[in-house]
Amino acid sequence: MECTFDLVYHLASTTRSFPLLLTADSDAENDDLTVSVKDDGSRRKVTLKAKRDLILDDYTEFDCALLQSGGDPANDRFFLNGYQSWTDTKETYLSEREHDVNRLPKALIRRFPFDRYGDATFYPYDKNVLHGYDVFYRRGSRECFFANLNAENAFLVFVLDRKTGQTKLQSDVAGATVAAGEEFTVCEYLFASSFEAGVRAFKNAFHARKADKLLGYTSWYNYYRDVNETILTRDLASLDERFDLFQIDDGYDTYIGDWLDVDPVKFPNGLAPFVETAHERGIRAGIWLAPFVAESKSRLFTERPDLFRRDENGKPILCGSNWSGFYALDLENAEARDYIRRCLSHYAELGYDIFKLDFLYAACLPVYPGKTRARAASDAFAFLRECLGDKLILGCGAPLFPAAGKFDYMRVGPDVSLRFDNAWYMRFMHRERISTKVTAQNIVYRSFHDGALFGCDPDVFLLRDANLSLSPERREALLKLNALFGRLLMTSDNIADYDPEKREALSRALTLFRRASVGEYEREGDRIRVSYVLNGEETELRYDTRKGVLV
């Protein structure tokens, strides 16, 4: 596959560019480096060997045959994968624009740093383009499929011109250092000329950890931080023999970051009794932490400021506006790593089986000299696996591809909202905002990640009547989509409150969850068509993405 590339790098205080026409197998060199290309018709690998000490800045491929516009781009669908778990992701038309949080008033961003959750602080948003990370496909009059095989080293960013449908490919190598004599994989990806062939190649290229399907309970989407021993003891008792997991979410801690300081008023007996009770009933016990961050009110932040990463002005790296504002730990600081390890080990030793680890984008929000953002994320996620051994890990708020093979499960959409599209004013905010409307689409369009990178977590279904503003029809649709596309099927409802109708709805969903297999899905305007097979019979449904109901 022939295309043009441009490699930008720094040598001492000089910025240099190395443009070249690439063919299937070729080498090229200048006084600073040698570039080698290997292309077998389904995979391409671009390797650099430095002759001098280099700092890489950017690598871009233009004019690749499979990425040319042609056909009918205005009516084709383009899959653009969001930066992290929560980022909105779907098959997109060229007429649609992606939301740019930087268009909000600067004063609002200073007060509520919505730009920290995604890529807005380092990706140059442009109203004339769309972009996505690590996997891309086009369906319709022309088809293609690309997926990053180099996520240990660099994110692969696909940049789509909304006017022409033409796409360029950028390997985010910014910050990587390559010493003289060393080699560095600049770019490696698989490609195919159709969606179906691409998905097959994708499934064969990656090897996820074995992740069983689990029906579970999580405390968050009913009580949020207002949990206590009485509530959780009651809800654990309500779980019947079909449940596999009981997970305690945020609210047990005094402050974010002080993971060993369990609130003595809410939980006078600590958290060990929940493990014992769950295990007695054959249910796994889960716990939530955000291991890479701490809020400003925490003891960790106030007593150990030296454990936090600083910017060029010496200020700690702010990661968002949740809680009292929260900051990134310095993952190159040995004492910070020891603290994370100690907290995780404590809950592992209590017997917790599954760890939901959240806000993981904080691993690569700071700049680490010599590392790309993808390398920083990959190293951080490998560290979590090292800390937890064979315990199950559910990642959340994380760039997806660096977690491949390291995490058992991964959230693939934003948090479910108690209203269909949350409060109206939040729709103008960041791409990672809480929204049932958004997450219902993410779980469909990212479903091919399941079983390849990790098991997909679609977030919760909610059937209860109290403390919820979803119509019965929207609750039914969310439950069915989660059952069809999720590796986890989770709720925050108190199951004891279910009436016979709700119990039957859950039973039907469990049949889908355990036995159905999705055949295909495709966007049709504002609807998604899904076909699945259950007990040998093929069924087709359509989901209205604007209304949030099955039609």
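Per-structure values
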item: His346, His99 arranged by Cβ crowding within 10 Å, fewest neighbours leading; result: His346, His99
item: Length-normalised contact order of the chain in % [C-alpha pairs under 8 Å, at least 6 apart]; result: 14 percent
item: Beta bridges per DSSP with both ends in the chain, % antiparallel, nearest 5; result: 75 percent
item: Selected from Phe122, Thr92, Thr177, residue furthest toward positive end of dipole (the stretch 3-205; charges at beta carbon); result: Thr92
item: Dipole magnitude (debye, nearest 20) for the stretch 183-230, charges at Cβ of Lys, Arg, Asp, Glu; result: 200 debye
item: Structure-based [θ]222 nm, the chain - -39500 (n - 2.57) summed over DSSP H runs of at least 4, per residue, nearest 500; result: -6500 deg cm²/dmol
item: Viscosity 0.890 mPa s, temperature 25 °C, Stokes-Einstein D of the stretch 3-205 from Kirkwood C-alpha radius, µm²/s; result: 136 µm²/s
item: Taking Met426, Met490 and counting other C-beta atoms within 10 Å, the order from fewest to most; result: Met426, Met490
item: Ranked list, fewest to most other Cβ atoms within 10 Å of each Cβ, for Thr218, Thr164, Thr89; result: Thr164, Thr218, Thr89
item: Using a Förster distance of 35 Å, the FRET efficiency for Asp58-Asn333 (Cβ separation, nearest 0.05); result: 0.75
item: Test item: Cα-centred dipole of the chain, Lys/Arg +1 and Asp/Glu -1 on Cβ, debye; result: 860 debye
item: Cα-projected label distance for Ser321 with Arg529, points at 7 Å along beta-carbon direction, nm; result: 4.2 nm
item: Orphan Cys of the chain, criterion: no other Cys C-beta under 4.7 Å; result: Cys144, Cys187, Cys319, Cys343, Cys364, Cys387, Cys396, Cys456
item: Assigned charges on the beta-carbon of Lys, Arg, Asp, Glu; the stretch 38-129 dipole about Cα centre (debye); result: 480 debye
item: Cα-based shape type of the stretch 169-210, given that a ≥ b ≥ c are square roots of the gyration tensor eigenvalues and the cut on a/c is 1.5; result: prolate
item: Selection from Leu329, Tyr352, Ser298 lying farthest towards where the dipole of the stretch 278-358 points positive, charges on Cβ; result: Tyr352
item: Sites Glu182 and Asp161, calculated FRET efficiency, Cβ-Cβ separation with R0 30 Å, nearest 0.05; result: 0.30
item: Charge dipole (the stretch 3-205, unit charges on Cβ, about Cα centre) - positive-most of Tyr9, Phe195, Ile55; result: Phe195
item: Given (i) 70, 59, 44; (ii) 136, 82, 45; (iii) 97, 79, 59, the label whose value is Cα extents along the principal axes in Å derived from this model; result: (i)
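None of the figures in this text is laboratory data; all of them are computed from the coordinates on show. Model, not experiment: these values are computed from the prediction. Positions of Cβ are backbone-derived with ideal geometry, glycine not excepted, and every protein chain shown enters the neighbour counts.
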